1. Students often forget the sequence filter, so: which lysines lie under 22 Å Cα-Cα from residue 13 once same-chain residues fewer than 8 apart are removed?
2. Each residue of the stretch 331-339 in order: what ³J(HN,Hα) in whole Hz does its phi give by Karplus 6.51 cos²θ - 1.76 cosθ + 1.60, θ = phi - 60°, with x for Gly and Pro?
3. Quote the Stokes-Einstein diffusion coefficient, in whole µm² s⁻¹, for the stretch 22-167, based on the Kirkwood radius over alpha carbon pairs, a temperature of 10 °C and a viscosity of 1.306 mPa s.
4. Based on Cα coordinates alone, diagonalise the gyration tensor for the chain, multiply each eigenvalue by 5, take square roots, and list the semi-axes in whole Å, largest first.
5. Rolling a 1.4 Å sphere over the protein heavy atoms, what is the accessible area per residue of the chain, to the nearest Å²?
6. Quick check: at a probe of 1.4 Å, how many percent of the accessible area of the stretch 80-127 sits on carbon and sulfur atoms?
7. GNM, the chain, Cα, under 10 Å: largest mean-square fluctuation among 295, 70, 176?
8. Among 172, 255, 296, which one shows the highest mean-square fluctuation when the chain is modelled as a Gaussian network with alpha-carbon springs under 10 Å?
Amino acid sequence: MNFEKIVELAGTKEDLFSHTCQTIPKEKLHLPGPDFTDRIFSQSNRNIQTLRSLESIYKSGRLSGTGYLSILPVDQGVEHSAGASFCTNPMYFDPENIVKLAIEGGCNAVASTIGALGIVARKYAHKIPFIVKLNHNELLSYPNKYDQIPFGSVQEAWNLGAVAIGATIYFGSAESSRQIVAVSQAFEQAHQLGMATVLWCYLRNEHFVQDDVDYHTAADLTGQANYLGVSIQADIIKQKLPENNGGYKALCKYGANYGKYKEEMYSKLTTIHPIDLCRYQVLNCYLGRAGLINSGGPSTGMQDLSAAVRTAVINKRAGGMGMIAGRKAFQKPFEEGIQLINAIQDVYLEKQVDIA
């Protein structure tokens with residue numbers, strides 16, 4: 001896919017391709033590149049085996065050697081129920097087809113449950129890097145609850161050949177303190193065993209919806225979640241693309257005492273432009289020392305390709321490290337899923353899509 005096609009799909013109404021960030025200049029960022037592990041993580045406390053695991057992810061798939069990542073995540077069978085997730089494509093009840101989609105799509109890695117990857121580990125763990133997602137929110141208890149609980153151990157992930165573990169924390173939720181402790185301990189053990197760590201930095205609290213505006217994707221709140229994530233030594237941060245800002249302000253609007261913010265956060269560090277909002281997320285990942293990958297979001301039909309390309313353009317131009325797209329790919333026929341994944345990768349391979 002050439003530059004002209006990328007522009008056509010992403011659209012031009014938001015000035016995505018000529019925008020220059022005037023808040024945090026790109027020269028201040030630690031940008032993705034072929035030498036990212038040597039430049040960043042070799043100076044850290046990560047051990048030699050962890051560096052090797054990170055390199056195995058960076059050196060796989062179509063984006064190998066670029067410093068950018070394209071990851072296929074399929075844990076929705078637990079998170080969103082298997083029937084609802086796979087009814088459009090029942091072949092993905094079989095985890096082997098999940099791995100095949102990641103391989104045929106040229107992904108850097110495949111992320112899924114410990115059960116899904118474990119059942120095919122001997123056949124595929126040496127063919128594509130495995131990221132074992134260790135905790136999940138199950139939707140079978142009644143009434144539904146929203147909590148992340150462990151489904152397996154770090155040792156099990158290591159035994160099946162995973163090069164990394166993934167986990168979710170619902171920052172802002174009543175359960176977040178326990179989740180922070182549990183995940184930070186898991187990340188410590190993973191690093192000791194030589195595995196990399198990927199954190200789904202998600203927000204969850206009913207009060208984050210104020211005056212009919214959903215601030216679960218506000219740049220200020222998701223940015224702080226990112227900062228908490230890198231504080232427990234996540235090597236890669238997965239975050240939703242920011243759609244608005246001012247979450248702290250909204251939550252304090254009616255006299256509530258919530259969090260800490262200053263007006264300079266909104267005037268000096270970012271603007272309302274989507275690339276600048278995403279750059280604020282990168283800023284909170286230690287200025288890019290931990291890579292920011294934005295999620296692809298749900299499948300909505302005909303507009304999936306345009307939406308995925310738009311997200312990739314914003315992430316790349318903001319200084320992010322890539323995309324982790326699942327439902328937009330596996331809820332389509334196999335070949336169409338590959339095409340969508342490849343389209344995302346084309347954005348990161350296209351030199352004319354540069355850093356804003």
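The values are calculated or read from the model by the stated rules, or taken from the named source; none is laboratory data. Bear in mind the structure is a predicted one, so any value in this text is a computation, not a measurement. All Cβ positions, even for glycine, are placed from backbone atoms using ideal geometry, and neighbour counts span all protein chains on display. Note: accessible area is taken over every heavy atom of the protein model, side chains too, but ligands, DNA and RNA are not part of it. Shrake-Rupley method; radii C 1.70, N 1.55, O 1.52, S 1.80 Å.
1. Straight-distance partners of residue 13: 5, 240, 316, 351.
2. Ordered by residue, 3J(HN,Hα) equals 8, 10, x, 3, 5, 5, x, 4, 4 Hz.
3. Once the numbers are plugged in, D ends up at 95 µm²/s.
4. 28, 24, 22
5. Per-residue accessible area for the chain comes out at 43 Å².
6. On the way: 1230 of 2150 Å².
The nonpolar share, carbon plus sulfur, comes to 57 percent.
7. Its mean-square fluctuation being the largest, the pick is 176.
8. In this elastic network of the chain, the residue with the biggest mean-square fluctuation among 172, 255, 296 is 255.
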